[in-house]
1. Considering only segment 48-61, I want to know if a residue exists there that is at negative phi, assigned to a strand (DSSP E or B) and not basic (K, R).
2. In segment 93-122, what count of residues is obtained for those that are assigned to a helix (DSSP H, G or I) and either small (G, A, S) or surrounded by 15 or more Cβ atoms within 10 Å (Cβ to Cβ) (or both)?
3. Looking only at residues in segment 27-52 that are free of Cβ contacts under 8 Å to residues at least 60 places away in the same chain and among the hydrophobic types (A, V, I, L, M, F, W, C), which one is farthest from I2 (Cα to Cα)?
4. Looking only at segment 49-86, which residues are exposed (fewer than 11 other Cβ atoms within 10 Å of the Cβ) and acidic (D, E)?
5. Filter segment 16-47 for residues that are aliphatic (A, V, I, L, M) and either farther than 20 Å from P99 by Cβ or part of a loop (DSSP other than H, G, I, E, B) (or both) and give the result.
Amino acid sequence: MITYTIPTWNRADKLRVCLNSLIGQINEVADNVVIRVYNNASDDGTEEVLKEFKENFPHLLGYQNGDEHVGGAESFKRAFLLAETEWLWMFGDDDILAPNGLKNVLEYIKRKDVEFIHAAEV
């Protein structure tokens, strides 16, 4: 139902925190939510973080490594294109999902006939 897409570049530590915030909630409330990451040719250990999460959560995480670094807009576009579900939730690699954020959005989608939701910082 929802694909979280995350472009990332040289922020392995922040990406780890972001992924943990998502995976914790996905495991609690949903079985039809996945995460897709576009790695914008990072050279700081980001690929190792992605491999670790993919090994531990193969049903949740997929990623694509870029061969060369591209600009921010292109990185977001490439992440966007990794979505494979009805809903897409763009995330930055330094974003953290607020407590009950996924649960609240899933409930809202079920109750309302909407085509777009903008969820932002608290």
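Quick note: the coordinates plus some simple rules give every number you see, no bench work behind them. Since the structure is predicted, the reported quantities are computational estimates derived from the model, not experimental observations. Here the Cβ positions follow ideal geometry from the backbone for every residue, glycine too, while neighbour counts run over all protein chains shown.
1. First pass over segment 48-61, keeping only residues at negative phi: 48-61.
Restricting the remaining residues to those that are assigned to a strand (DSSP E or B) gives 61.
Applying the additional criterion that residues be not basic (K, R) yields 61.
Yes - at least one qualifying residue is present in segment 48-61.
2. Pass one, segment 93-122, residues assigned to a helix (DSSP H, G or I): 101-111.
Imposing the further condition that a residue be either small (G, A, S) or surrounded by 15 or more Cβ atoms within 10 Å (Cβ to Cβ) (or both) reduces the set to 101-102, 105-106, 109.
Number of matching residues: 5.
3. We begin by selecting, within segment 27-52, every residue free of Cβ contacts under 8 Å to residues at least 60 places away in the same chain; these are 27, 31-32, 34-52.
Among the residues that remain, those that are also among the hydrophobic types (A, V, I, L, M, F, W, C) are: 34-35, 37, 41, 49-50.
Values: V34: 7, I35: 8, V37: 14, A41: 25, V49: 22, L50: 19 Å.
Result: A41.
4. E55, D67, E68, E86
5. A30, V34, V37, A41
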